[in-house]
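Take a look at the structure below.
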Amino acid sequence: MKKNLSEISKELNRESRFKGMPRVIFMTDQAAQPCPEDVIDRMPEGSMVILRDYDDEDRYDLAKALSYICKSKEIKFLVAGDLTLSLMVEADGIHLPEYMMGEALKIKEDHSDFIITTAAHSEQAVSIADKHGVYAILLAPIFSTKSHPETFNDKSRVIGADNVSEICKKYKSAIYALGGINTETAVTIMHSGIAGFAAIRGV
């Protein structure tokens with residue numbers, strides 16, 4: 001029987017310092033995954049969910065519902081790009097888009113128990129994020145992805161498996177692979193040093 005991403009993640013060769021951290025992160029996107037609650041229901045305890053859906057007019061209600069579902073399943077829940085909403089729905093933390101990563105230290109200072117993750121789209125961004133003491137860095141796009149159709153025609157726009165491995169060797173932060181992650185691509189970066197997988201469609 002074909003393994004799913006959660007099962008593959010259990011075989012991930014990662015360092016002991018990532019013990020206790022999620023192996024899989026689900027990034028919500030109702031255009032791609034219109035029923036996020038169904039995805040969450042399949043996820044193992046100890047996973048993480050990040051609410052994206054920036055333009056959803058009912059984002060508060062969605063955040064509130066997903067926060068409740070995640071808590072009942074002992075899955076960490078973060079809201080992307082909105083500290084106020086994160087606090088309102090009692091999320092476990094916040095995910096910062098790359099342009100917001102500079103806010104990490106101030107958020108941590110004001111909310112010491114918050115989990116803070118950030119996006120990075122280059123090694124330079126990883127280098128900066130690594131100095132901000134974030135919980136984890138979501139590095140993307142590793143492979144061509146439907147979220148960025150241009151990556152299918154221009155491979156210079158993807159980071160690639162080899163570069164992921166080199167980046168992970170250089171920085172102490174937990175790095176999660178995002179972008180084009182599915183059951184086929186995940187196995188190609190099992191030994192790259194990543195802390196886990198992040199995906200929209202692949203979970």
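So which residues in segment 128-142 are over 15 Å from the mean Cα position of the chain (by Cα) and under 22 Å from P22 (Cα atoms), if there are any at all? Give the derivation first.
Let us first name the residues in segment 128-142 that are over 15 Å from the mean Cα position of the chain (by Cα), namely 128, 130-133.
Correct list: D130, K131, H132, G133.
Considering only residues that are among the charged types (D, E, K, R) and either part of a loop (DSSP other than H, G, I, E, B) or farther than 16 Å from I175 by Cβ (or both), which ones fall in segment 1-24? Write out each step before concluding.
Restricting attention to segment 1-24, the residues satisfying the condition of being among the charged types (D, E, K, R) are 2-3, 7, 10-11, 14-15, 17, 19, 23.
Result: K2, K3, E7, K10, E11, R14, E15, K19, R23.
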Residues that are over 19 Å from S173 (Cα atoms): which helices (runs of 4 or more DSSP H) entirely in segment 25-137 hold 1 or more of them? 36-42, 59-72, 83-88, 104-110
Residues in segment 132-148: is at least one surrounded by fewer than 16 Cβ atoms within 10 Å (Cβ to Cβ) and farther than 21 Å from E15 by Cβ? yes
Anything in segment 138-157 that is assigned to a strand (DSSP E or B) and at pLDDT below 95? List them, or say none. T145, H148
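The values are calculated or read from the model by the stated rules, or taken from the named source; none is laboratory data. Quick caveat, the model's predicted, so the values are computed rather than measured. Cβ sites come from the backbone with ideal geometry, for glycine too, and all protein chains shown count toward neighbours.
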